[in-house]
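We did not get these values from a lab; they are worked out from the coordinates using the rules stated. Remember, predicted model here, so these are calculated numbers, not experimental data. Methodologically, a virtual Cβ is constructed for each residue, glycine included, from the backbone with ideal geometry; neighbour enumeration extends over all protein chains shown.
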Amino acid sequence: IDKAMGVITDAERDIILKRWIGEVLPTLQIGLSDDEKNWLQQKKIIKVGVNPTLAPIEFIESDGSIGGIVGAYLDVFSERLNVDFVWAGNESWDEAFDMVKAGEIDMLSNLTPTPERDEYLDFTDSFMSTSLVIFARDGGQFFGNIEALSGYKVAQVSGFSTSDIIRRDYPDIEVLEVTSIVEALQEVSNGTADAYIGTIPASSYYIASEGITNLVVAGETPYNGRNSMGVRSDLSLLTSSLQKALASLSENEKAEISRNWMSLKIETRVDYTILWYTIVAALAVGSIILIWNRKLAIARKEAMVAKQQAEEANAAKSSFLAAMSHDLRTPLNAIIGFSEVMKKEIYGPLSNQKYLDYNNDIHRSGEYLLNLVNDILDVSALEAGEKVLNIEQFEFEELVSECNALVHKLAEDKNINYSFSVMENMRPVYADKQALMQILINIVSNAIKFTPSGGKVEINAHNSNDSLNIEVVDTGEGISGDMLNRVKEPFVRGKASPHLAHQEGTGLGLAIVNALVELHGGLLDIKSKLGEGTSVTVSIPFSS
């Protein structure tokens, strides 16, 4: 018999097995051990704890089956392991954790490994990864990064690892725990919370399904959600079997699962309707900006005729800006948000490369226009005397750390030798911290922008008897003598020639800097030599 068995080919053995026991089991194809096969054959049904409010990642279908991306993976695993994965009946994510700790269910479908969870769960490799971003109210407080949320209230879903991570890394952020993503988004929408940190796929799904219209992606975080499956620590054979089933999937199979669910029910609309909406919105916003610039030019011309007319024009301008700021920012945020979603092809690929190129142009233009609007509003508020300083005492080193975090990457990308030197024993600063940060960021980013690759940007900060002095020196293109006296004026760029590179920008940066410095009772001094570089010095008086 042994000799006979030795001459049977694999194909012949499959025919015999198919005849007498049916289709050859997929478990024979993915390298399962005998122990794993025996355990799976005896188990047959795997009870799974699912987050029922995390579409399209996972949810419960009307028939009680597990839907979404997780459900699709479990369907594949069911075929390859010859077992059934069934929903354990938990009504909430917190209940699922309680059930797995009590040994009532076998595994949790989708979660991020943490040291606390490692105590009672083993994890498979990640089957997908999603970036965590900040959602906030349109027109409300701006949070460009997670550090900006310090002192604010963030709604987070109870049981999600994000809550623990925020409490660990950013204890100054207040966490408001809720039961679902929908509730978290609604808390932000109605003003009970200031922001929500979550993934774009799940958040955008519920924003659309709930008809929430006043939320935007306000900023990024350094975190990524690692989607793994967690199995009770006492079920090691299940963990190893799932890992082998996951490893057996090709990258194409994984991509197909994501595409099928990320584009669920919106394929016909996402295909190109949003793209055309974005183009039309961009044109509309551009027209509004042009109209406003024309009105501004008229106001300036009238100001030359008579002082009274200038005052009336300035009042009209301020009134116009106050009325239009929300209407300008709303479509701009929509443009940037939608184009970012399409840029990452979250809901499936854009089949035509030309549309991808158009979308990248739209995204860049939207960000440029939003920066322009913000700069114009800042200049208007400063000119009208409406800017009120929030004076506080703080250590200058705090400002240095935040500035470096924002501009260091800009210098690194351009291969610029960047250094920041701070005198020892600096006196505490008594100023508007946000305004001083804006001054520093504008000057340093300008120096980096106009310094060619391989150049140098040095920042030196020191005390004098009565003031804080910050000097930013670059080896960039420099500013011509006739322009040097005008670079502090709005809409003027300190360029030697219109044919040089780096012509982007509105010419408002130094005007805003100069106004903020003067508001502090300080001085802005600019020295430059064409072709050799520029030195910008800010002096802010100490006060007590």
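Relative to the current alpha-carbon distance between N352 and D98, full extension at 0.36 nm per residue lengthens the span by 86.6 nm. Estimated from the Cβ-Cβ distance and a Förster radius of 45 angstrom, the FRET efficiency linking K456 and L519 is about 0.90. Taking label positions 7 Å along the Cα-Cβ direction at both R486 and K343, the computed distance is 3.4 nm, reported to one decimal. Placing a label point 7 Å from the Cα of I45 along the Cα-to-Cβ line, the residues of the range 91-135 whose backbone N sits under 13 Å from it are 105-106. Using 0.36 nm per residue and subtracting the Cα-Cα separation, the extra length available between Q141 and E532 on full extension is 136.7 nm. Converting phi to 3J(HN,Hα) with the Karplus coefficients 6.51, -1.76 and 1.60 and the offset θ = phi - 60°, the range 206-212 yields 6, 4, 6, 5, 8, x, 7 Hz in sequence order, with x at every glycine or proline. Take the convex hull of the alpha carbons in the range 120-187; its mean projected area over all directions comes to 5.9 nm².
Just so you know, the Cα atoms of the range 166-226 work out to an Rg and Dmax of 11.8, 33 Å. The shape of the range 52-127 can be summarised by an equivalent ellipsoid whose semi-axes, obtained from the alpha carbon gyration tensor, come to 19, 15, 13 Å from longest to shortest. Diffusion coefficient (Stokes-Einstein, Kirkwood radius over C-alpha pairs, 10 °C, 1.306 mPa s) for the range 94-245: 97 µm²/s, rounded to a whole number. Annotation for Y152 and E392: the two label points, set 7 Å from Cα along the Cα-Cβ direction, are 1.4 nm apart. Please work out the FRET efficiency for the pair N252 and D413, using the Cβ-Cβ distance as r and a Förster radius of 35 Å; give the result to the nearest 0.05. About 0.60, to the nearest 0.05.
Give, to the nearest whole percent, the P(r) tail of the range 71-114 beyond 15 angstrom, counting all Cα pairs. Taking all Cα-Cα pairs of the range 71-114, the fraction more than 15 Å apart is 48 percent.
A simple rule links phi to the HN-Hα coupling: the Karplus curve 6.51 cos²θ - 1.76 cosθ + 1.60 with θ = phi - 60°, which for the range 390-396 gives 9, 6, 8, 9, 7, 7, 4 Hz, with x for Gly and Pro. Evaluate the Debye formula for the range 404-464 with equal point scatterers sitting on the alpha carbons, no solvent, and hand back log10 of I(q)/I(0) at q = 0.30 Å⁻¹, in q order, two decimals. Each listed q corresponds, in turn, to -1.29.
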